1. Would you pull out the residues with amide H under 5 Å of residue 149's amide H, same chain only if 5 or more places away, H placed 1.01 Å from N?
2. State to the nearest 20 debye the size of the charge dipole of region 1-140 about its Cα centre, where the only charges are +1 on K and R beta carbons and -1 on D and E beta carbons.
3. Per the helix-only calculation at 222 nm, which mean residue ellipticity applies to the chain, given -39500 (n - 2.57) for every DSSP H run of n ≥ 4 and division by its residues, nearest 500 deg cm²/dmol?
4. Rounded to a whole number of µm²/s, how large is the Stokes-Einstein D of region 42-166 at 20 °C and 1.002 mPa s, given Rh as the Kirkwood radius over C-alpha pairs?
5. Quick one: Karplus J couplings for region 189-205, per residue in order, coefficients 6.51, -1.76, 1.60, θ = phi - 60°, nearest Hz, x for Gly and Pro?
6. Which value, in debye to the nearest 20, gives the size of the charge dipole of the chain about its Cα centre, when Lys and Arg are +1 and Asp and Glu are -1 at the Cβ?
7. Tell me, what is the Rg over Rh of region 94-237, with Rh the Kirkwood radius over Cα pairs?
8. So which residue, out of 112, 80, 61, gets the largest mean-square fluctuation from a GNM of the chain using Cα contacts under 10 Å as springs?
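Rule-based calculations on the coordinates, nothing more; no lab input. Here the structure is a predicted model, which is why all the values come from computation and not from measurement. All Cβ positions, even for glycine, are placed from backbone atoms using ideal geometry, and neighbour counts span all protein chains on display.
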Amino acid sequence: MDADTKEQYVCQVCGYNMVGYLPDNCPFCGASKQKFYSCDENSARRRVNSSRVNDRVTRLNSVPELGYEHAAYRVEAEKNVFMIDCPSTYDQSVPQIDTIFFTHHHFLGASNLYRSLYPARVVIHKDDSNHDMCRGFPFDTLFSGSFTENDLSAVHLGGHTPGFTCYFFGDVLFICDYVIKEHGKWSINPYGPENETRSGLKKLLSLLIERPVKTVCGVDYVMSFPSWNAKVRPLIE
Ligand SMILES: [Zn+2]
Ligand SMILES: [Zn+2]
């Protein structure tokens, strides 16, 4: 097996990867180490499944589901291929990625291993780059504010985490867990400073007036913009 994976453990309760250390409890969800698999063991039991969102975008998920299973997305742009967030399962059959862009530091997945495999450049907002959750995860580019690179537009929203950033590619919005659906009820992510997240959501919704979006890719859903908008707009009213 890849030497890089030796000292890596995956929490089966939440999916968090512990890189280079074995704690008694998961730093993300607090589960005890009896709930961890080594990364190799996790990779032997799971794979990363791709499902198509449109002709350029595919959704990536661990199968069988892992912990607080979150979606990552692979985007084939004109000049390069990138991933928004990263699967917690390391599966070497996931095709080439040039750059991994993070929305925030909650779903770093096995990005350190994919980074070495391809190799890929890893990009995150600087305000999300030095949190405890980032232990063992190398980042190559830290940004602040908003930017556009190879047809990908990054818009810094803050709130849920200080560096939280959403992305646009064509008519697709990547918003991860900024708003969540629990037990059928939609809400602004309650973790972090809720008022700031609400302001960030207002900023995003006002941008969407000038930037038409057809599809919204979230932490555990892909939705048409009109149905997403109907659920989310009332949250700021
Ligand atoms: Zn955990
Ligand atoms: Zn989050």
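1. Hits under the 5 Å cutoff: 154.
2. Once rounded to the nearest 20, the dipole reads 180 debye.
3. After summing the helix terms and dividing by residue count, I get -5000 deg cm²/dmol.
4. Values: Rh = 14.6 Å.
Using the Kirkwood radius from Cα pairs, D works out to 146 µm²/s.
5. Listing the rounded values in order: 3, x, 7, x, x, 4, 5, 5, 5, 4, 5, x, 5, 4, 4, 4, 5 Hz.
6. 440 debye
7. 0.96
8. 80
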